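Asker: Take a look at this one; I'll ask things after.
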Amino acid sequence: GQNIDQPTEMTATEGAIVQINCTYQTSGFNGLFWYQQHAGEAPTFLSYNVLDGLEEKGRFSSFLSRSKGYSYLLLKELQMKDSASYLCAVREGDYKLSFGAGTTVTVRA
Amino acid sequence: GAVVSQHPSWVICKSGTSVKIECRSLDFQATTMFWYRQFPKQSLMLMATSNEGSKATYEQGVEKDKFLINHASLTLSTLTVTSAHPEDSSFYICSARGWTDYEQYFGPGTRLTVT
C-alpha cells in the first residue's frame, strides 16, 4: 500500500511563492503526479515526475527525489485563482494512482 | 482533446434504490477507466479499475455486489450503486486512461445524495 503525506493547509499572499511538500513510501514506484482540485470539481493535471529532478511548466514546478521519497510542487507568482486543493498522487505499477489527502492553499490579497 | 464526461452531475435518491452513473471518454478510446470516491475534505479513494470487456478489479473493502461496474465499450463505463444508503452519499469521480498516455483524465464528478 501507499503512505503519502502532505500538509493539510497553507496560506500565502498574492504574488508570493508557495512550496507544497509530499513524502511517500511505496513499492513499485512508477511516477508522481500533482493535481489541482477546486471545491466540488474534478482534479486537473498539473505535473508528472518519474525521474529525479525539477520539471518546470510556467508558474508551476515540480521536483522529485526518488531516493528520499520526496516531491514538492512550487507555485510562483501566486494568483487568487490558485486557491485550491493540491493533490500529490503516486503511481504504482502501470496505472494505479494513490492520492494524498491534499493541501488546501489559500491565497490572500 | 482528452475530455471525460459524467452523467448525471448530481443526483438525489431514496434509501434502498439504485443509481447509475455514466462515464464517457468523448474524443479518445479508453482502455482502462477508474472509479474514485471522495468524501468532504478528504482525498480521492480508488474504488475499482475497469478494463473494456472484462470484469472490474475492486480495491480492498469495496463491495463488488454493491458497486456494479460495467465497461461495455472503449468509451463508456458505468457505476451502479445498488440499494443505496445515506452513507453512500459522496462525490464519485471517474477517470480514463488512453492507449499510450501515462496520464489519467478525470471526469467532472457526480454528487450523490441518498436520503
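Asker: Which of the listed residues, A:ALA89, B:SER77, B:PHE28, is farthest toward the dipole's positive end in the protein assembly as shown, when Lys, Arg count +1 and Asp, Glu count -1 at the beta-carbon?
Answerer: B:SER77
Asker: Moving on. Could you let me know the centre-to-centre spacing of segment B:1-55 and segment A:60-109, using Cα atoms, in angstrom?
Answerer: 23
Asker: How large is ³J(HN,Hα), in whole Hz, for each residue of segment B:59-66 in order, when computed from phi with the Karplus curve 6.51 cos²θ - 1.76 cosθ + 1.60 and θ = phi - 60°, using x for Gly and Pro?
Answerer: These are the phi-based 3J(HN,Hα) values: 6, 4, x, 9, 7, 5, 7, 8 Hz.
Asker: Which value results for Rg/Rh of chain A when Rg is the Cα radius of gyration and Rh the Kirkwood radius based on the inverse mean 1/r? Mind showing how you got there, number by number?
Answerer: Details: Rg = 13.2 Å, Rh = 13.9 Å.
Taking Rg over the Kirkwood Rh, I get 0.96.
Asker: How big is the charge dipole of chain A about its Cα centre, in debye rounded to the nearest 20, if each Lys and Arg gets +1 on its Cβ and each Asp and Glu gets -1 on its Cβ? Spell out each step's value before the answer.
Answerer: Numbers: 9 positive and 11 negative charges, 12 e Å.
So the magnitude is around 60 debye.
Asker: Mind giving me the nanometre distance, one decimal, between the label points for A:THR23 and A:GLU41, set 7 Å out from Cα along Cα→Cβ?
Answerer: If labels sit at A:THR23 and A:GLU41, their model points lie 3.2 nm apart.
Asker: Starting from the 7 Å offset along Cα-to-Cβ, what nm value, one decimal, do you get for the label separation of B:SER15 and A:GLU56?
Answerer: With each label point 7 Å from Cα toward Cβ, the separation is 5.7 nm.
Asker: Right, next: With +1 on each Lys and Arg Cβ and -1 on each Asp and Glu Cβ, and nothing else charged, work out how big the dipole of chain B is about its Cα centre, in Debye to the nearest 20.
Answerer: Numbers: 10 positive and 10 negative charges, 53 e Å.
For this selection, approximately 260 debye.
Asker: To the nearest 20 Debye, how big is the dipole of the protein assembly as shown about its Cα centre, given +1 on the beta carbon of each Lys and Arg and -1 on that of each Asp and Glu?
Answerer: Details: 19 positive and 21 negative charges, 55 e Å.
It comes to approximately 260 debye.
A short reminder: the numbers here are calculations on the coordinates, not readings from a lab. Model, not experiment: these values are computed from the prediction. Don't worry about glycine lacking a Cβ; one is built from the backbone with ideal geometry, like all the others, and counts go over all protein chains shown.
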